[in-house]
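S.K.: Can you read through this structure? Questions will come right after.
The values are calculated or read from the model by the stated rules, or taken from the named source; none is laboratory data. Being a predicted model, the structure only gives us computed values, none of them experimental. Cβ placement follows ideal geometry from the backbone for every residue including glycine, while neighbour counts extend to all protein chains displayed.
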Amino acid sequence: MTEPLFRGVLPALVTPFRDGEVDDDAFVRLVERQIAGGVHGLVPVGTTGESATLSHDEHRRVVELCVKTAAGRVPVIAGAGSNATDEAIELVRHAKQVGADAALVVTPYYNRPSQEGLYAHYQAINDAVQLPVIIYNVPSRTSVDISNDTLARLSKLPNMVGIKDATGDMARASFQRLTCGEDWVMLSGDDPSALGYMAHGGHGCISVTANVAPEHCAAFYNDALGGQWKGALYGQDRLVRLHRALFTDASPSPTKFALAHLGLCAEEARLPIVPCSEAARTEVLAAMRDAGLI
């Protein structure tokens, strides 16, 4: 069995704003902090990066800035999803042009395509651009769930290399590992259940919590990848309250609050996301103390 192409913890990076504009300097600082913290890769302009409310020009610039800043030190998986197949192809094409190592392509949201429609969507991307693609399955946001049977078909296409699974369904992970083959990359998209996902054969996580605690998350995934389950359980216990706290209000507002508290970027998000509630702030600060971050 070959080592998976992407593994460990890959932060789903926030996109910092200042006065309504993308804060390039803060973004570079966040990327450098992640790399110094030992993360295994970077994922710009995913859901946590507020991709839904970035302009196309902003989206492309953030991907370019991430690739430039990473400078080959860790792989970059660029968010490139859309509910319009042609638009997704253009975003994947741009990711390839600027040197990203892969693209993260969410299942088409709102349209609610059939399984055959989902297959055709990803097949069209596969055929149009020669770049590895991680399929992102997050039914709670998209209202569509890509089945293991469809993923098994897609795994046979050369550019479809793996999944970001945000369903929290552990049994699905085991069946998927058996049906999609040993080279299929399996990344969790759900921080709280990622320990179980790794035990079911997962290779890592595209993580929200890593924005706030890169060193702790890197240590946790290094333990899990190495089969050091006692150490991984310790890491889980240290981080689990923070995993939950970062979703006590609409994401990524609690994460941006935590980063602002650490002096790393402004708390500002883009409408319709607003600053998180006082209750969420209290929970985030308590969780950061539990994790030894403040």
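S.K.: Which residues, taken from region 7-21, are in a loop (DSSP other than H, G, I, E, B) and either among the acidic types (Asp, Glu) or surrounded by 24 or more Cβ atoms within 10 Å (Cβ to Cβ) (or both)?
M.R.: If the condition is that a residue be in a loop (DSSP other than H, G, I, E, B) and either among the acidic types (Asp, Glu) or surrounded by 24 or more Cβ atoms within 10 Å (Cβ to Cβ) (or both), then Leu13, Val14, Thr15, Pro16, Asp19 are the ones that fit.
S.K.: For region 22-43, name all the residues that are assigned to a helix (DSSP H, G or I) and of a type outside the set (S, T, N, Q).
M.R.: Within region 22-43, Asp24, Asp25, Ala26, Phe27, Val28, Arg29, Leu30, Val31, Glu32, Arg33, Ile35, Ala36 qualify.
A quick yes/no check of all residues on (1) under 30 Å from Asp23 (Cβ atoms); (2) touching a Ser or Thr at 6+ places or on another chain (Cβ under 9 Å):
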residue: Met186; (1), (2): no, no
residue: Ala199; (1), (2): no, no
residue: Cys205; (1), (2): yes, yes
residue: Ala219; (1), (2): yes, no
residue: Leu233; (1), (2): no, no
residue: Ala260; (1), (2): yes, no
residue: Leu285; (1), (2): yes, no
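S.K.: Another question, then. Tally time: how many residues in region 153-176 are small (Gly, Ala, Ser), under 16 Å from Gly204 (Cβ atoms) and part of a helix (DSSP H, G or I)?
M.R.: Of the residues in region 153-176, 1 are small (Gly, Ala, Ser), under 16 Å from Gly204 (Cβ atoms) and part of a helix (DSSP H, G or I).
S.K.: Next up: Of all residues in region 115-154, which are among the polar types (S, T, N, Q) and out of contact with any Asp or Glu (no Cβ under 8 Å at 6 or more places or on another chain)?
M.R.: Result: Gln123, Asn126, Gln130, Ser140, Thr142, Ser143, Ser147, Asn148, Thr150.
S.K.: Moving to a separate point now. For region 212-231, give me the residue count where each residue is in contact (Cβ under 8 Å) with a residue 40 or more places away in the chain and either in contact with a His (Cβ under 6 Å, 6 or more places away or on another chain) or polar (S, T, N, Q) (or both).
M.R.: Number of matching residues: 1.
S.K.: Does Met170 satisfy being closer than 23 Å to Val105 by Cα, free of Cβ contacts under 8 Å to residues at least 40 places away in the same chain and either among the β-branched types (Val, Ile, Thr) or surrounded by fewer than 20 Cβ atoms within 10 Å (Cβ to Cβ) (or both)?
M.R.: yes
S.K.: For region 211-266, name all the residues that are β-branched (Val, Ile, Thr), under 14 Å from Pro192 (Cβ atoms) and not in a loop (DSSP other than H, G, I, E, B).
M.R.: Residue satisfying the conditions is Val240 alone.
S.K.: So, in region 91-141, of the ones that are among the polar types (S, T, N, Q) and modelled with pLDDT of 95 or more, which residue ends up farthest from Arg73 (Cα to Cα)?
M.R.: Among them, the one singled out is Ser114.
S.K.: Another question about this same structure. If a residue must be closer than 19 Å to Gly235 by Cβ, part of a loop (DSSP other than H, G, I, E, B) and either small (Gly, Ala, Ser) or free of Cβ contacts under 8 Å to residues at least 40 places away in the same chain (or both), how many such residues does region 277-294 contain?
M.R.: 3
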